[in-house]
1. On the basis of being free of Cβ contacts under 8 Å to residues at least 12 places away in the same chain, within 21 Å of the chain's Cα centre (by Cα), open to solvent by less than 80 Å² (accessible area, probe 1.4 Å) and under 26 Å from A:F180 (Cβ atoms), does A:G74 make the cut?
2. In the range B:64-76, is there at least one residue being touching a residue at least 24 places away in the same chain (Cβ under 8 Å), buried (at least 20 other Cβ atoms within 10 Å of the Cβ) and either charged (D, E, K, R) or within 16 Å of ligand 2 (Cβ to nearest atom) (or both)?
3. Filter the helices (runs of 4 or more DSSP H) completely within the range B:74-185 down to those with at least 3 residues that are farther than 24 Å from A:I145 by Cβ.
4. Within the group C:S148, C:S157, which residue is open to solvent by 20 Å² or more (accessible area, probe 1.4 Å), part of a helix (DSSP H, G or I) and in the same structural domain as C:D110 (by TED's automatic domain parsing)?
5. Looking at (1) under 20 Å from B:P37 (Cβ atoms); (2) in contact with an Asp or Glu (Cβ under 9 Å, 6 or more places away or on another chain); (3) more than 16 Å from ligand 1 (Cβ to nearest atom), can you tell me which one B:A187 breaks?
6. For residues in the range B:175-187 being free of Cβ contacts under 8 Å to residues at least 40 places away in the same chain, surrounded by fewer than 18 Cβ atoms within 10 Å (Cβ to Cβ) and away from ligand 2 (no atom under 15 Å from the Cβ), which is farthest from the other protein chains (Cβ to nearest Cβ)?
7. So B:Q79 ticks every box in (1) open to solvent by 10 Å² or more (accessible area, probe 1.4 Å); (2) more than 14 Å from B:G202 (Cα to Cα); (3) without any contact (Cβ under 8 Å) to a residue 60 or more places away in the chain; (4) within 16 Å of ligand 1 (Cβ to nearest atom) but one. Which box is left unticked?
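The values are calculated or read from the model by the stated rules, or taken from the named source; none is laboratory data. What you see is a predicted model; the values in this text were computed from it and never measured. Quick reminder, even Gly has a Cβ in these numbers, built from the backbone with ideal geometry, and neighbours come from all protein chains shown. To get the accessible areas, we keep the full protein, side chains included, count just its heavy atoms, and leave off ligands, DNA and RNA. Shrake-Rupley method; radii C 1.70, N 1.55, O 1.52, S 1.80 Å.
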Amino acid sequence: MTILGQAAELVVSADAELVGIVGLSLRVSLTATLIASLFAIPLGAALAIWQFPFRQVLIVISTSLMALPPVVVGLIIYLLLSRAGPLGHYGILFTPTAMIIAQSVLIFPIVLALTREAILPVNRDYKNLLDAWDVSPVQRLKTLIWDARFAVVTGLLAGFGRALAEVGAVIIVGGNIAGFTRVMTTTIALETSKGNLELALALGIVLLSIAILINALIHWISSFGQKYQVSR
Amino acid sequence: MSGLKLTNVSYSVDETLLLHDINFSQETTGINAILGPNGAGKSLLLSLIHGVIKPSMGLVTWDGISAQKTKLTRGFVFQTPIVLRRSVRANLAYPLKLSKNGTSTAIDTMLELSHLAPLADQPAASLSGGEAQRMAIARALITNPKVLLLDEPCSNLDPASTKLIEAMINNFVKQGGSVFISTHDLAQAKRLADVVLFIEQGNLLEHRPAKEFFDAPTTQEARAYLKGEL
Amino acid sequence: MRLVLALILVVYGTFSNASERFITIASTTSTQNSGLYDYLLPIFTATTGIEVRVVAVGTGQALKIAQNGDADALLVHHRPSEDAFLAMGYGIERRDVMYNDFIIVGPKADPAGVSNQENAINGLEAIAQHASLFISRGDESGTHKRESEMWALAGISPNGDWYREIGAGMGAALNMASSVDAYTISDRGTWLSFNNKGTLEMLLAGDAALFNPYGIILVNPQKHPHVKIDLARTFSDWIVSDEAQKIIGAFTIQNMQLFCPNAKSPKASDGVCPTSVPMQK
Ligand SMILES: Nc1ncnc2c1ncn2[C@@H]1O[C@H](COP(=O)(O)OP(=O)(O)OP(=O)(O)O)[C@@H](O)[C@H]1O
Ligand SMILES: [Mg+2]
């Protein structure tokens, strides 16, 4: 009860620091989701639609990548972005940009696999029809992604949720710098390490509430189109 | 070289020959019925004629041009109607946008013609089998094709829907279009067809005016088929 | 769609770009967890306009970060490592900043009788003798390195069920000690600001062997030309200035001073703040 109370208090007080942390979490994870999607959605759709060389290899690799622990992704990005690493001269280690990169890499395989799964049944339905109409590859991608959009968005959401919830990668590449790269999860880790278990849990509840809110919102939006999705 | 021409067309899947060396030509006028028992190869032949699949051997041409290059000038309706996961109206709009041949008022005209106007904004997935079949035909007609290919468009339809679809077909032909239709409904074939193509086990056995075919089939197989023994 | 766009606008609109004038400091979790930076750095930023970004990790990792050139300065607490860092040419201009001390904490019941021991070495011997649970950071942090040195001084190579290396930060070690009634070694700052003590108590402190000095080192611009040596030096100059040293000395938690500024006199015994840190339990 006290924890719930504390969580509620945190939200109601809209403490500037907390707002900043929540905002940064959303900004980083949303951007990462958008960037990952930009590549993962067309590629995932292409994997569902066409046979091409190394397709199976790509599928196996991307599925395996889903099992990659965030810390490992974080570590790889860290080594790449470190001044001692190949991309060091950009100087983006310990910035939100580095966190966005790490999370994009982390959720890319998720969005890819879920997009592929979302497109597969629609492609199975549509293939002959689109063939009969001589639909161009680009048009075909657009049509299938659009008509599978609610399932695709669900995949995006799963990716976004994973990004928002992960701590291992962002703490390594972001450095958990107060007011700059500190997000909800790293704050929770930090408060836990300070023994502020109740504050940490309250923050966890705030995080959960945000996740529920966003999911409800998207679910609500997608329910408008659900009726078109019924497959025959 | 006008009309449809098949030259030494064979189609096989994994070594299995499904259509054997088919040769014929057909002027693009009137209604051509493709008849034959289940599994004879009617759907395959229609797909080859449309160009949606490529012959393993031989050539399919329309007015001398390979079928695969002119798909959009024909309308094709699959044996099981494929609906886009959109509204009925959006289903009709889709090919219109692709072909740029036709106007958006065509959608409303087509909806009226196929008696789908009240359902225009329903998701197409919720249509009944007959309604979906009508929508598929309307969708095939909306781009003003010269040729319409119909694969058993009236299986599972009630008499009224069948009548409506036959009216749509006749109307299309009256405006100068040509139809290739496969059907198991011999009465329908007699009502509609000007020419019959009879295939059996992947072989084209007869290609003659409908009246001749029904009055005096020349092959053993066709006789058996018409008597319901094949 | 419009809703989503609106959401994106709200999320992005509220953020301004970060300032250009900033330095990155690799530091330790102990200073961070104590809250010192939250208290100290805004004052520096307000006077100089320079933003300070603190990456708080174990001393070992902090050294690594600085060595790779991913930080402009280093603020850690393990003198031998710091000296090695300077000797290898990665760092320049080390200055003493402040100190506090390490303490041995453990369950109130104190089964090994650590609180009766004369000094820290004896305390560790008692823990080993009783095979009482002991949590070791095991993460190459300054605290962990110091702990290892003390075991070495006691002539004990700790192993067995009672000795648990957890490979985590100070807070995690304290959390674990608190939940399984174990002993551990902590820096005083983290201990005082730690909020989940449970039955844990400070059992032994005040031994000279537990002296815990913090120093600031600038990353050598000859190794890493991109480092912001001028801004970093401004910070270094400031943190040893009378003003900053006073602020550090005034930082308290529950009326207890956490750090003793010693930029002027680097020895604990010099008496910069002998009374404010309760050196004996
Ligand atoms: N992709 C394929 N792979 C293997 N066999 C196929 C394939 N497509 C069709 N066939 C086979 O080819 C034969 C002809 O099929 P087709 O669909 O043309 O028959 P049909 O004359 O339309 O029959 P129906 O009256 O039942 O619709 C069938 O035996 C069918 O099993
Ligand atoms: Mg068929």
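1. No; evaluated as a whole, the condition is false for this residue.
2. Yes, some residue in the range B:64-76 is touching a residue at least 24 places away in the same chain (Cβ under 8 Å), buried (at least 20 other Cβ atoms within 10 Å of the Cβ) and either charged (D, E, K, R) or within 16 Å of ligand 2 (Cβ to nearest atom) (or both).
3. Details: elements: B:88-99, B:105-113, B:129-141, B:159-174.
Fully inside the range B:74-185 and qualifying: B:105-113, B:129-141, B:159-174.
4. Numbers: C:S157 fails: part of a helix (DSSP H, G or I).
That would be C:S148, the only listed residue that is open to solvent by 20 Å² or more (accessible area, probe 1.4 Å), part of a helix (DSSP H, G or I) and in the same structural domain as C:D110 (by TED's automatic domain parsing).
5. (2)
6. B:A187
7. Among (1) open to solvent by 10 Å² or more (accessible area, probe 1.4 Å); (2) more than 14 Å from B:G202 (Cα to Cα); (3) without any contact (Cβ under 8 Å) to a residue 60 or more places away in the chain; (4) within 16 Å of ligand 1 (Cβ to nearest atom), the lone unmet condition for B:Q79 is (3).
Matching residues to (1) open to solvent by 50 Å² or more (accessible area, probe 1.4 Å); (2) within 14 Å of chain C (Cβ to nearest Cβ):
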| site | (1), (2) |
| --- | --- |
| A:L26 | no, yes |
| A:I41 | no, no |
| A:A45 | no, no |
| A:F52 | yes, no |
| A:L65 | yes, no |
